[in-house]
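**Student:** Before anything else, here's the structure in question.
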Amino acid sequence: MTPYLMELRGLIGNRLLLLPSVAAVIHDHAGNLLLQEKASGEGWSLPAGAIEPGETPQEAIIREVMEETGLAVVPTTVLGVFGGRDFRYTYPNGDQVEYVVTLFKCRVAADRGAWTDTETRALGYFARDDMPALALPYPVSALFLQAFQPGL
């Protein structure tokens, strides 16, 4: 949790927090989707995270992907912006959040070789029909419908 979010949580406790965030759709040359296995044991998800104060969504997705995967990316397309009640999530500690997610398609510019984020246990590319159990705090069907649209 960032210092900014820690400060907010100190003020509002576990109450609902509207949180602007980003998520990345990254495909390999075969069209498989990159997923991150969470170190917490929650399962797999898209590389994603919160937008920090003063940061643009494009800057946030570049930072989050680098931290969580070690990949330098270029965001190429906004695939959609998702939010509302379906994007509410309550964490095991009781913190409530409602995400507003900007979903970016990203191109890999370079592989830095290692991630720096302690939230990542493993990375893998998966075909649509071979997805592992997912633990995303937003509707998976909406994100993966966008992720696998032909030509994107």
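The values are calculated or read from the model by the stated rules, or taken from the named source; none is laboratory data. Source: prediction; values computed, not measured. Note that we place each Cβ from the backbone using ideal geometry, even for glycine, and neighbour counts take in every protein chain shown.
**Student:** State which residue is farthest from THR102 (Cα to Cα) when the search covers only the range 1-28 and only residues that are in contact (Cβ under 8 Å) with a residue 24 or more places away in the chain, not basic (Lys, Arg) and not in a strand (DSSP E or B).
**Tutor:** ASN14
**Student:** The conditions are (1) modelled with pLDDT of 90 or more; (2) in contact with a helix residue (DSSP H, G or I) (Cβ under 7 Å, 6 or more places away or on another chain), and ARG107 fails exactly one of them. Which is it?
**Tutor:** The failed condition is (2).
**Student:** From (1) out of contact with any Leu (no Cβ under 6 Å at 6 or more places or on another chain); (2) in contact (Cβ under 8 Å) with a residue 12 or more places away in the chain; (3) on the phi > 0 side of the Ramachandran plot; (4) of a type outside the set (Lys, Arg), pick out the condition that doesn't hold for GLY54.
**Tutor:** Among (1) out of contact with any Leu (no Cβ under 6 Å at 6 or more places or on another chain); (2) in contact (Cβ under 8 Å) with a residue 12 or more places away in the chain; (3) on the phi > 0 side of the Ramachandran plot; (4) of a type outside the set (Lys, Arg), GLY54 violates only (2).
**Student:** Of the residues LEU35, LEU11, which single one is closer than 15 Å to GLU64 by Cα and either exposed (fewer than 12 other Cβ atoms within 10 Å of the Cβ) or touching a strand residue (DSSP E or B) at 6+ places or on another chain (Cβ under 8 Å) (or both)?
**Tutor:** Going through LEU35, LEU11 in turn, the sole match is LEU35.
**Student:** Would you tally the residues in the range 95-115 being assigned to a strand (DSSP E or B), hydrophobic (A, V, I, L, M, F, W, C) and out of contact with any Phe, Trp or Tyr (no Cβ under 6 Å at 6 or more places or on another chain)?
**Tutor:** Number of matching residues: 7.
**Student:** When you check GLY80 against the structure, is it assigned to a loop (DSSP other than H, G, I, E, B) and on the phi > 0 side of the Ramachandran plot, yes or no?
**Tutor:** no
**Student:** Among the residues of the range 51-59, are any at pLDDT 90 or above, in contact with a strand residue (DSSP E or B) (Cβ under 9 Å, 6 or more places away or on another chain), crowded, with 19+ Cβ neighbours inside 10 Å and over 16 Å from VAL25 (Cα atoms)?
**Tutor:** There is at least one residue in the range 51-59 that is at pLDDT 90 or above, in contact with a strand residue (DSSP E or B) (Cβ under 9 Å, 6 or more places away or on another chain), crowded, with 19+ Cβ neighbours inside 10 Å and over 16 Å from VAL25 (Cα atoms).
**Student:** Of all residues in the range 64-89, which are farther than 12 Å from PHE104 by Cβ and free of Cβ contacts under 8 Å to residues at least 40 places away in the same chain?
**Tutor:** Result: GLY83, GLY84, ARG85.
**Student:** Step by step: first the residues of the range 14-30, then only those that are surrounded by 12 or more Cβ atoms within 10 Å (Cβ to Cβ) and among the small types (Gly, Ala, Ser), then the one that is nearest to the chain's Cα centre (by Cα). Which residue is that?
**Tutor:** My answer is ALA23.
**Student:** Now for a separate question. With touching a Ser or Thr at 6+ places or on another chain (Cβ under 6 Å) and closer than 21 Å to THR118 by Cα as the only criterion, which of ALA60, ALA50 stands out?
**Tutor:** Of the residues listed, the single one that is touching a Ser or Thr at 6+ places or on another chain (Cβ under 6 Å) and closer than 21 Å to THR118 by Cα is ALA50.
**Student:** Could you identify the single residue in LEU35, LEU5 that is at pLDDT below 95, hydrophobic (A, V, I, L, M, F, W, C) and closer than 23 Å to GLY84 by Cβ?
**Tutor:** Checking each option against the conditions leaves just LEU5.
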